[in-house]
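> Right, I'll just put the structure down here and ask away after.
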Amino acid sequence: MQFGQLKRREFITLVGGAAAALPLTASAQQPAMPAVGFLNTQSPDEFREPLRGFRQGLKESSYIEGDNVAIEYRWAENQLERLPAFANELARRRVSVIVAISPPSISAAKVATTTIPIVFLVGEDPVKLGFVTSLARPGGNLSGINFLTSEVTAKRLEFLRELVPAATRVAVLVNPADSTNTETTLQDVELAARARGLQISVSRASTSQEINAAFETFARERADALFVASGPFFTTRRIQLAQLAAFHRLPAAYSIRQNAEAGGLMSYGASLIDAYRQVGAYVGRILKGAKPADLPVVQATKLELVINAETARMLGLTVPPSLLATADEVIE
């Protein structure tokens, strides 16, 4: 009788233990939701539309934020010194991919990890910056999208000259905190201006107060037009730039459409929203098993000319019919 009771207790214990183990086993078989680190130098309030493009790119690869992929956002709020700590934190969390926007974010992520895949978005040549060994064969753990901002500098200046044919003196606004982009922009714009017989004067600004001071300089020097360098900082300050340009009656050219939509005279360059979409698509490919070393750097090919006709009228400018025909969008 005691033997039978012992056997019965052993049987109950065995069955109970197996039943208790079932949920754990089932849970272990469910893969954890992959997490993507998103490292940006700016503020989320300024990037709602580009983020929509990023999520669209993920969706094209069957990934939906909060459904089957988590996004760990890290925004530096223009405080670049915060980027290394953010990048190290994402690396410690062992996210599946890190998205790095602009050279300072890419550099921080590159230092933080040599194993986690990094998908970047950069306006300058990533080979020249040392992020990849070549566009076709990146090597290492980085690949991404080359935004083609500096490469279209000459064409943007040409469009500005068409809008303001009487211009002889062009002010150039650059961000000294974005040193690599500034150096490239100045080289390109000086060469393009010389070819068109234009004189340029350069002002530098990396804060709102410095932008205000730069426009005072433009007024004193009686600039005929303004060429604003590309970069996230000037995108975030687009309303301030548009208002100051309107106040000083200064025709201005920018690199992305968000500036023209905010009241700037014109923009010419790659579509920021489409570039973010391409970043999202690359992240999706990596989540499905692709290696960054095998993914060539994609150069953004969707260039767009946007003209704000209302701003042109306010400045007393007539948009040439040829330019209206060329424009991808005319804002009325």
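No lab work stands behind these numbers, since they all come straight from the coordinates. A quick note: this is a predicted structure, and the numbers were derived from the prediction, not measured. Cβ coordinates were reconstructed from backbone atoms using ideal geometry, including for glycine residues, and neighbour counts include every protein chain displayed.
> In terms of modelled amide H atoms, which long-range or inter-chain residues lie less than 5 Å from the amide H of V202?
V172
> Whose amide H sits under 5 Å from the amide H of V99, counting only residues 5 or more places off or on another chain, with H placed in the peptide plane?
Those lying under 5 Å, H to H, from V99 are G37, F38, L39, V119.
> Could I ask something else about it? Suppose only helical runs count, i.e. DSSP H with n ≥ 4. What mean residue ellipticity at 222 nm does that imply for the chain under -39500 (n - 2.57) per run, divided by all residues and rounded to the nearest 500 deg cm²/dmol? Could you put the intermediate results ahead of the total?
Numbers: 13 runs with 151 residues, N = 332.
The per-residue figure over the chain is -14000 deg cm²/dmol.
> Under a 10 Å cutoff between Cα atoms, tell me which one of D294, D125, D274 has the largest fluctuation in the Gaussian network model of the chain.
Greatest mean-square fluctuation among the candidates belongs to D294.
> K59: which lysines have alpha carbons under 23 Å from its alpha carbon, excluding same-chain residues fewer than 8 sequence positions away?
Correct list for K59: K288, K291, K302.
> Pick from L226, L121, L315 the residue whose mean-square fluctuation is largest in a GNM of the chain, springs joining Cα atoms under 10 Å.
L315
> If R₀ is 35 angstrom, what is the calculated FRET efficiency for the pair Q56 and F247, using the beta carbon separation as r and rounding to 0.05?
Working: r = 36 Å, r/R0 = 1.04.
Efficiency at R0 = 35 Å is approximately 0.45.
> In degrees, nearest 10, range 0 to 90: what is the angle between the Cα axis of helix 83-92 and the longest Cα principal axis of the chain?
That helix lies at roughly 20 degrees to the long axis.
> Return V202, V111, V306 ranked ascending by Cβ neighbour count within 10 Å, so the fewest neighbours appear first.
Working: V202 17, V111 13, V306 23.
Lowest to highest Cβ neighbour count: V111, V202, V306.
> Sticking with this structure for a sec: Please report the Cα spread of the range 30-186 along all three principal axes, rounded to whole Å, starting with the longest.
Largest to smallest, the principal-axis extents are 67, 33, 28 Å.
> How large is the Kirkwood hydrodynamic radius of the range 243-286, counting all unique pairs of alpha carbons, in Å? Before the final figure, lay out each step's value.
Working: mean 1/r = 0.0838 Å⁻¹.
So the Kirkwood estimate lands at 11.9 Å.
> Something else: Hey, if you drop one equal point scatterer on each alpha-carbon of the range 176-247 and run the Debye formula without solvent, what base-10 log of I(q)/I(0) do you get at q = 0.19, 0.24 Å⁻¹?
Here log10 of I(q) over I(0) equals -0.84, -1.27.
> Next question, about the same structure. Cross-link candidates for K128: which lysines have Cα within less than 19 Å, leaving aside residues fewer than 8 places away along the same chain?
The qualifying lysines are K110.
> What per residue convex hull volume, in Å³, comes out for the range 124-248 when only alpha-carbon positions are used? Numbers along the way, then the final one.
Values: hull volume 14.0 nm³, N = 125.
Dividing the Cα hull volume of the range 124-248 by its residue count gives 112 Å³.
> How high is the FRET efficiency from V127 to E190, r the C-beta distance, R0 22 Å, rounded to 0.05?
Given R0 = 22 Å and the Cβ-Cβ separation, E is 0.45.
> Could you give the nm distance between label points at E162 and N88, where each point is 7 Å from its Cα heading toward the beta carbon?
5.1
> Just for the chain, what percent of DSSP beta bridges are antiparallel, to the closest 5?
On the way: 5 of 45 bridges.
Beta bridges within the chain, antiparallel portion: roughly 10 percent.
> Something else about it: Mind checking which of Q258, Q240, Q56 has the largest fluctuation in a GNM of the chain, springs on alpha carbons under 10 Å?
Its mean-square fluctuation being the largest, the pick is Q240.
> If you don't mind, there's one more thing I want to ask. Given 4 °C and 1.567 mPa s, how large is the Stokes-Einstein diffusion coefficient of the range 186-332 in µm²/s, with Rh as the Kirkwood radius over Cα pairs?
Details: Rh = 17.0 Å.
D = 76 µm²/s.
> Would you report the distance distribution of C-alpha pairs in the chain as whole percents per 10 angstrom bin, up to the bin with the largest distance?
6, 24, 28, 19, 10, 4, 3, 2, 2, 1, 0, 0
> May I ask you to work out the translational diffusion coefficient for the range 256-311 at 20 °C, viscosity 1.002 mPa s, via Stokes-Einstein with Rh from the Kirkwood sum over Cα pairs, reported in whole µm²/s?
Details: Rh = 12.9 Å.
Stokes-Einstein gives a translational diffusion coefficient of 166 µm²/s.
> Separate question: Counting Lys and Arg as +1 and Asp and Glu as -1, each charge on the Cβ, what is the dipole of the range 195-332 about the Cα centre in debye, to the nearest 20? Spell out each step's value before the answer.
Numbers: 14 positive and 12 negative charges, 72 e Å.
Here the size comes out at about 340 debye.
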